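Okay, structure first, notes after.
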Amino acid sequence: MPELTAFLSLQQLADSALPIGGASHSFGLESLAEAGLLHPDNLERFLADYLEETGRLEACYCFCSCNLSGSLDEWFGWNAELGARKLARESREGSAAMGRRFLRLAAHVSGLELLARAVERAGDEVHLAACFGLVAGALGLDAELATAAYLQQSVTALVSGCQRLMPLGQTRAQEILWELKPAISRAVAEAPRGARRVGVFTPLLDVVSACHPSLHTRLFMS
């Protein structure tokens, strides 16, 4: 029964509809769509590449946060590292805002002391990937499973956002999410290597994310 409860907790935390602001951020996808560089025909390939780069990096921080064996000081250091590797201010701030909301919500519903102490210091920069891992670890969830759930949540939110940006139907959206499972698995497999051994190179996404505030009309904050 405890394992079943843990599984149900993970399902709730990994719900892309969790009220943490996920529907407000596209992390650069709106700018790509506006520029004509992202459309239904190449969305699946783009997200597979996204998982190979950004997904691998965030998986590392989620995984190590789930296996935190040191103090919260160490964990906040990982958050600072992750923030420094998010070059576009809009995406960095979006990740941090969602991280704070997620951490506060999880601390409130779980009542766990570790999470309450982390919330007390939430004025420091925290990011969603690391927060998800910390919460999962505090709940005793398996790091690999939790990291996979985090990436599944992330791409589900991105696909949902794309349905508002382009003519992408429900059936095709579900097909894309289904086909991305191997890419998620590959990203999770890299996580135990550690973030400092994972290189990420996404210049196009960084540039369009930084250009997002200059769009004539916007649906998303990032």
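Values in this text are rule-based calculations from the coordinates and carry no lab data. Quantities reported herein were computed from a predicted structural model and do not represent experimental measurements. Here Cβ is always computed from backbone atoms with ideal geometry, including for glycine, and neighbour counts include all displayed protein chains.
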Task: Theoretical gain in end-to-end length, GLU175 to LEU219 [0.36 nm per residue, Cα-Cα removed] - done: 13.4 nm
Open item on the list: Per residue, how big is the convex hull of segment 4-88 when only Cα atoms are used? Give it in Å³.
Closed with: 144
Open item on the list: If R₀ is 30 angstrom, what is the calculated FRET efficiency for the pair GLU144 and GLU113, using the beta carbon separation as r and rounding to 0.05?
Closed with: 0.75
Task: Cβ-based exposure ranking for PHE63, PHE201, in which fewest neighbours within 10 Å come first - done: PHE201, PHE63
Open item on the list: Suppose only helical runs count, i.e. DSSP H with n ≥ 4. What mean residue ellipticity at 222 nm does that imply for the chain under -39500 (n - 2.57) per run, divided by all residues and rounded to the nearest 500 deg cm²/dmol?
Closed with: -20000 deg cm²/dmol
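Fewest first, what order do LEU4, LEU105 take by the number of other Cβ atoms within 10 Å?
Neighbour counts put them in this order, fewest first: LEU4, LEU105.
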Task: Alpha-carbon centroid distance for the pair segment 78-154 / segment 1-22, whole angstrom - done: 14
- [ ] With only Lys, Arg, Asp and Glu charged, each at its Cβ (+1 for the first two, -1 for the last two), find how big the charge dipole of segment 46-214 is about the Cα centre; round to the nearest 20 debye.
- [x] 200
Open item on the list: At 0.36 nm per residue, and after removing the present C-alpha to C-alpha distance, how many nm does the segment from LEU8 to ALA80 gain when stretched out fully?
Closed with: 22.9 nm
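In percent, how large is the relative contact order of segment 106-217, given Cα pairs closer than 8 Å and 6 or more residues apart?
Relative contact order of segment 106-217: 17 percent.
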Task: FRET E, pair ARG164, ASP49, Förster distance 22 Å, beta-carbon r, rounded to 0.05 - done: 0.55
- [ ] Answer with one residue from THR202, SER154, GLY28: the one whose Cα lies farthest towards the positive end of the charge dipole of the chain, charges on Cβ with Lys, Arg +1 and Asp, Glu -1.
- [x] GLY28
Open item on the list: Sequence gap at least 6, Cα distance under 8 Å: using those rules, report the relative contact order of the chain to the nearest whole percent.
Closed with: 40
